[in-house]
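Nothing in this text is a laboratory measurement; each read-out follows from the coordinates by a stated rule. All values reported here derive from a predicted model rather than from experimental measurement.
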Amino acid sequence: YEDAGGDHVREKSGGGIATCFGRGDEAGKLYFIRSGRVKLTKTTEEGRTLNLSLMQKGDLIGEIGLTGSGTYGYSAEMAEAGELGVVQEKDLEILLFRHGEFASTS
């Protein structure tokens with residue numbers, strides 16, 4: 001997906017404990033991992049942190065609110081320095097139309 005998107009894909013870099021999004025943040029973006037790793041976590045009512053997944057290069061994370069705005073029920077943070085591509089919900093249809101390979105699962 002290096003060349004897909006043009007104006008419709010934003011870059012985000014970080015490392016260490018840089019937060020991509022937090023629990024309760026407004027959903028509506030998709031993040032694809034160009035490099036590094038992203039850890040998905042959820043905090044219980046008792047304050048325990050549950051590790052849900054460790055995502056890596058090529059993975060897609062985030063949520064799109066198909067029925068309106070929603071919020072994330074989990075958090076995502078950079079577990080290792082890297083670079084993310086960020087696609088806004090409003091730009092997703094344009095991106096898929098212009099670059100159908102973006103939707104490919106292979």
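List the residues, sorted by chain then number, that are 5 or more residues from GLU80 or on another chain and whose placed amide H is less than 5 Å from its amide H.
So GLU80 has HN proximity to GLY16, ARG37.
Can you give the extra length, in nm with one decimal, that the chain gains between GLU26 and LEU60 once fully stretched, where that is 0.36 nm per residue apart less the Cα-Cα distance?
Extra length available between GLU26 and LEU60 comes to 10.5 nm.
Extension gain SER35-ALA81, at 0.36 nm per residue separation less the Cα-Cα distance, in nm?
Working it through step by step, the gained length comes to 15.8 nm.
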